[in-house]
1. In Å, what Rg and Dmax follow from the Cα atoms of the range 5-216?
2. At S202 and K122, where each label point lies 7 Å from the Cα along Cα→Cβ, what is the point-to-point distance in nanometres?
3. If I take the Cα coordinates of the range 163-220 and project them onto the principal axes, what are the three extents in Å, biggest first?
4. Using the alpha carbon gyration tensor of the range 94-215, what are the three equivalent-ellipsoid semi-axes (square root of 5 times each eigenvalue), largest first, in whole Å?
5. Using modelled backbone amide H atoms (1.01 Å from N, in-plane), which distant-in-sequence or interchain residues come within less than 5 Å of N4's amide H?
6. Sum -39500 (n - 2.57) across every DSSP H segment of at least 4 residues in the chain, then divide by the residue count to get the 222 nm mean residue ellipticity, nearest 500.
7. Report the label-to-label distance for K33 and Q92 in nanometres (one decimal), using points 7 Å from each Cα along the Cα→Cβ vector.
8. How much accessible area per residue does the range 66-127 have, counting only protein heavy atoms and a probe of 1.4 Å, in square angstrom?
Amino acid sequence: MSPNPFADHRAAALYESWYTSPEGRRVDSLEKKALLWTLGELGPVTSVLEVGCGTGHFTRWLGKKGMANVGLDTSMPMLEQAKLLGTDALVQGDALALPFANGAFDVVALITTLEFLAEPQKALVEGLRVARLGLLLGVMNRWSWLGISRRLTSLVRPNVYDTAHFYSVPELERLLEPLSEDVSTIAWRCTLFPRWWPSECSHLPWGGFVAMVLGKAGTG
Ligand SMILES: C[S@@+](CC[C@H](N)C(=O)[O-])C[C@H]1O[C@@H](n2cnc3c(N)ncnc32)[C@H](O)[C@@H]1O
């Protein structure tokens with residue numbers, strides 16, 4: 001398995017500052033819109049565990065939306081940043097063995113995390129175990145201009161995405177197939193289309209970011 005690029009203090013210290021750049025603010029706002037739209041498909045959500053919370057950027061945001069929230073990450077440097085930035089509840093742990101009881105949270109979220117996991121399917125099964133209503137996924141789209149340009153950048157300039165595996169929507173759907181008995185609904189939207197594209201968020205599978213929810217079977 002490739003080493004976690006976010007286990008590094010420098011990468012952790014730089015991570016959050018990207019969200020304050022003009023492009024970072026645009027991306028952040030569009031990703032949050034798409035995540036909220038998909039999350040709405042699960043009905044009212046009161047608690048969320050963010051697996052791979054990093055600096056807690058989305059964990060804090062979900063908290064501001066009124067959800068009790070916990071962030072979990074393997075990387076101590078990322079958790080230290082999350083703490084500095086005011087994330088309240090943080091746990092060091094692994095996506096593949098979550099230290100929580102079955103159904104402990106309404107939703108388990110993995111936002112730009114699946115891409116860095118050696119055993120993504122195992123992490124999804126583990127997330128579904130801990131979730132009562134379902135999973136919220138945010139994934140960088142392999143079949144998008146953004147995904148292709150990030151992969152090309154990695155060829156010439158080493159960065160934290162070098163070891164990441166971006167997913168296309170069909171590839172994500174294939175990854176989810178073995179979970180089909182435990183999943184009642186799947187809903188997704190793409191965002192981060194080129195700036196000239198008329199729609200911010202749509203069902204066309206080539207936006208740079210895929211927001212997806214999986215509803216857990218037996219909860220509807
Ligand atoms: C790209 S960052 C995403 C952080 C945050 N979700 C966001 O979107 O701002 C990916 C995070 O996944 C974490 N991660 C990688 N492997 C992990 C694992 N096995 N279990 C939990 N977290 C993991 C990394 O440490 C890193 O903080």
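The values are calculated or read from the model by the stated rules, or taken from the named source; none is laboratory data. In this text, all values refer to a predicted model and were calculated from it rather than measured experimentally. Heads up, the Cβs are rebuilt from the backbone with ideal geometry, glycines too, and the neighbour counts pull from every protein chain shown. Side chains included, ligands, DNA and RNA excluded: accessible areas come from the protein's heavy atoms. Shrake-Rupley method; radii C 1.70, N 1.55, O 1.52, S 1.80 Å.
1. 16.0, 46
2. Going from the S202 label point to the K122 one covers 4.0 nm.
3. The Cα atoms of the range 163-220 stretch 42, 31, 15 Å along their principal axes.
4. Values: eigenvalues 136, 63, 25 Å².
Here the semi-axes work out to 26, 18, 11 Å.
5. Amide H neighbours of N4: none.
6. Numbers: 7 runs with 73 residues, N = 220.
So the calculated ellipticity at 222 nm is -10000 deg cm²/dmol.
7. Placing both labels 7 Å along Cα→Cβ, they lie 3.9 nm apart.
8. Working: 2500 Å² over 62 residues.
Spelled out: the 1.4 Å probe surface of the range 66-127, per residue, equals 40 Å².
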